[in-house]
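The values are calculated or read from the model by the stated rules, or taken from the named source; none is laboratory data. Computed from a predicted model, the values in this text were never measured in an experiment. Cβ coordinates were reconstructed from backbone atoms using ideal geometry, including for glycine residues, and neighbour counts include every protein chain displayed. Keep in mind that these areas ignore ligands, DNA and RNA; they rest on the heavy atoms of the full protein, side chains included. Shrake-Rupley method; radii C 1.70, N 1.55, O 1.52, S 1.80 Å.
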Amino acid sequence: MVNADGLHTLGRWTTDRARIAGDSTAVVDRGVAFTYRQLEDRAGALATRLVEAGYRRGDVIASLSGNSVDHIVLFFACAKAGLVLAPLSWRLTGTELAEQVTLVRPAALLAETVYAGLARDCLARTDAPVTFAELGEVGVESETPGPRIRPATVSTQPEPVRDDDPLLLILTSGTSGRSKAVVLTHANCHWTNESLNRVLSLSERDVTLAVMPQYHVGGWNVQPLLTLRVGGTVVLERRFEPGRALRLIEEHRVTVMMGVPTNYLLMAQHPEFLHTDLTSLRIAVTGGGPAPVQLLRLWHDRGVALTQGYGLSEAGPNVTCLPVAEAASHAGSVGYPYPFVEVALLTDDGQITTGTGEGEVLVKGPAVMAGYLHDEAATAAAFLDGWLRTGDRARRDAAGRTTIIDRIKDIFISGGESVAPVEIEAAILEHPDVAEVAVAGVPDEKWGERAVAWVVRRSGTRLTADEVKDHAAARLAAFKVPRDVLFVDHIPRSAAEKPLRRELVAAFTEGRA
């Protein structure tokens, strides 16, 4: 299914590794090992079934799955068949998922058995004509009677897969509060992994612990896919639990891992942290939000050169990384651009510079997204003279190191999850006793940031903080529900009537100091 324009398609990867070292362990899922030959056979068979069922190049297959070998099989089946995988978050509610399904317009939704109820709830809330089937060998891969993939067309002639075909749709929060679907092509994924390998230099000897959920771009393009490309072993941590993650590092002699700061903090706080053998861990990278220098040094004291990187879904995601050799001496910096990645700064006076200074981070390179799905206006707004605008403010020193100062946009990151304040505000405003509300992220030692809501009650009501939280919890994923609800007389606003969230955060942090 590859032509001359498909030299960088990812469906080739399992085929190549199965031919080179088919009996080597590719994935360890909940203690069960799967070889490259098994991965290739299952992915190839599923790709054939999907094509024979009538799915065609460019059709979207949505998924609801924890980190699993079945999900990896589906990814490579989509890559081989020219389909587009849209991994959805099992942390969302049926209502939130229905909005995303409406956006991505999948031809099918495949879910693990444990999430089948959530998938059906989601589909019941949308009129989209979406086929549902359960994921895995006893589900969509099974030849036994049961849920079948409904043909999308009558033709069964496969089409060649091209480098510029979409492969991944990554759902991310937008400034409007509604999700955007980042389109990453085969070429985008190839180049972000190629650049990553030029820095990490992974090989068939490496064992990668995958703790990032597979609905995140980091669950694919930050180490796991690269490990499978070079013939290493991916150990899946299904749903992050710090004690189990520490045991997996020791048991499997893990050499490489990536996580958000919260992952590393929870492991460092676990009673077994000081007793776990971490000597095998040669590369440990954190991203998805700023890591406190104190946290980095906790790991440095254990002999692990925990280092910080920077990226975003729209960039594939890998943009910069601090070399392991500089992890201790320049803790807090996100380092230098990866190979094949250009980084510039948009200064306050509107100039684009590749030198030292301070401004908004701009990114260019072959890993940068093809755009936002079904949203030409948002895609156009995301670029400036060919540069991807990140919305993040940074400074760069004379050596070329980048340090992120702050996010320009109001979106904040809690435990590695992007959270849009306006989405939370919209949910809280549905309560009849709420007159006004503003939401922002404040620093949190455990989660990096957490949501705080400032609420103006309607006159004559006695609304409580618990009532606000319960109201939000019925409409939003748990990580979006404000941990603190503060009642105020008014919300400070700009001349354009926009809430001044930074003023609220500053007053909050000063009051807690």
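Of the listed values (i) 31.3, 113; (ii) 28.0, 85; (iii) 22.8, 73, grab the one calculated as Rg and Dmax of the Cα atoms in Å from the structure here.
After the calculation, the listed value that fits is (iii).
Could you give the length gained by full extension between Arg297 and Phe383, i.e. 0.36 nm per residue of separation minus their alpha carbon distance, to one decimal place? Don't jump to the answer; show the numbers that get you there.
Working: separation 86, 0.36 × 86 = 30.96 nm, distance 3.66 nm.
Full-extension gain reported as 27.3 nm.
Mind listing the long-range amide H neighbours of Glu436? Cut-off is under 5 Å, sequence gap 5 or more, other chains count too, H placed in the peptide plane at 1.01 Å from N.
Residues meeting the criterion, in which the H sits 1.01 Å from N, are Val456.
Which of Thr93, Ile20, Ala399 sits farthest toward the positive end of the charge dipole of the chain, with +1 on the Cβ of Lys and Arg and -1 on the Cβ of Asp and Glu?
Ile20
Using the basic label-point model (7 angstrom from Cα toward the beta carbon), what is the Glu358 to Arg205 distance in nanometres?
Taking the simple label geometry, Glu358 and Arg205 are separated by 4.5 nm.
Taking θ = phi - 60°, what integer Hz values does the Karplus form 6.51 cos²θ - 1.76 cosθ + 1.60 yield along the range 376-382, in sequence order, with x for Gly and Pro?
Taking θ as phi minus 60°, the curve returns 5, 5, 5, 5, 4, 5, 7 Hz for the range 376-382.
Calculate the dipole size of the range 424-471 relative to its Cα centre from +1 charges on Lys and Arg beta carbons and -1 charges on Asp and Glu beta carbons; express the result in debye to the nearest 20.
Values: 6 positive and 10 negative charges, 29 e Å.
Computed charge dipole of the range 424-471: roughly 140 debye.
Return the long-range amide H neighbours of Ala26 (sequence gap of 5 or more, or a different chain), with a cut-off of under 5 Å between placed amide H atoms.
Those qualifying (amide H under 5 Å, at least 5 residues apart or on another chain) are Phe34, Thr35, Tyr36.
If we count every other residue with Cβ under 14 angstrom of Val104's Cβ, Lys/Arg +1 and Asp/Glu -1, where does the sum land? Could the numbers behind the result be given before it?
On the way: positive: Arg105, Arg178, Lys180; negative: Asp59, Glu96, Glu99, Asp375.
Within the 14 Å Cβ shell, the charges total -1.
Summing Lys, Arg as +1 and Asp, Glu as -1, what charge do residues with Cβ under 13 Å from the Cβ of Tyr336 carry, Tyr336 excluded? Let's see the in-between values first.
Details: positive: Arg198, Arg396, Arg401; negative: Glu326, Glu342, Asp397.
So the environment of Tyr336 carries a net charge of 0.
If you count only protein heavy atoms and use a 1.4 Å probe, how large is the accessible surface of Leu500, to the nearest 10 Å²?
Leu500 exposes around 50 Å² with every protein chain in place.
With θ taken as phi - 60° and the coefficients 6.51, -1.76 and 1.60, list the Karplus ³J(HN,Hα) couplings across the range 305-311 in order, rounded to whole Hz; mark glycine and proline as x.
Residue by residue, the range 305-311 yields 7, 4, 10, 9, x, 9, x Hz.
Around Asp59, which amide H atoms from residues at least 5 apart in sequence, or from another chain, sit under 5 Å from its own amide H, with H modelled in the peptide plane?
Those lying under 5 Å, H to H, from Asp59 are Val84.
What is the percent carbon and sulfur in the accessible area of the range 1-106, measuring with a 1.4 Å probe over the protein chains and ignoring ligands? Intermediate results must be reported in sequence, preceding the final value.
Numbers: 1730 of 3470 Å².
For the range 1-106, the apolar C and S fraction of the accessible surface comes to 50 percent.
Just the number please: accessible area per residue for the range 328-458, 1.4 Å probe, all protein chains included, in Å². Working shown, then result.
Values: 5560 Å² over 131 residues.
For the range 328-458, the solvent-accessible area averages 42 Å² per residue.
What trypsin sites (Lys or Arg not before Pro) in the range 445-501 are in a loop by DSSP, with at most 16 other Cβ atoms within 10 Å of the Cβ?
On the way: sites: Lys446, Arg450, Arg457, Arg458, Arg462, Lys469, Arg475, Lys480, Arg483, Arg493, Arg501; in loops: Lys446, Arg458, Arg462, Arg475, Arg483.
Sites meeting the loop and neighbour criteria: Lys446, Arg458, Arg462, Arg483.
Using a Cα-Cα cut-off of under 18 Å, which lysines could be cross-linked to Lys469, ignoring same-chain neighbours fewer than 8 residues away?
Counting by Cα, and skipping residues close in sequence, Lys469 has these lysines nearby: Lys480.
Averaging sequence separations of C-alpha pairs under 8 Å and six or more residues apart, then dividing by the length of the chain, give the relative contact order as a whole percent. List each step's numbers first, then the result.
Details: 1148 pairs, mean separation 58.6, N = 513.
With pairs under 8 Å counted, the relative contact order is 11 percent.
Short version: ³J(HN,Hα) in whole Hz for each residue of the range 501-511, in order, from phi by Karplus 6.51 cos²θ - 1.76 cosθ + 1.60 (θ = phi - 60°), x for Gly and Pro, what are they?
4, 5, 5, 5, 5, 4, 5, 5, 5, 5, x
I'd like the antiparallel share, as a percent to the nearest 5, of DSSP beta bridges with both residues in the chain.
Values: 53 of 88 bridges.
Antiparallel bridges make up about 60 percent of those DSSP assigns within the chain.
Add -39500 (n - 2.57) for each DSSP H run of 4 or more in the chain, then divide by its residues: what number comes out at 222 nm, to the nearest 500 deg cm²/dmol?
It comes out at -8500 deg cm²/dmol, rounded to the nearest 500.
Label points 7 Å out from Cα along the Cβ direction at Asp470 and Glu503: separation in nm?
Placing both labels 7 Å along Cα→Cβ, they lie 3.3 nm apart.
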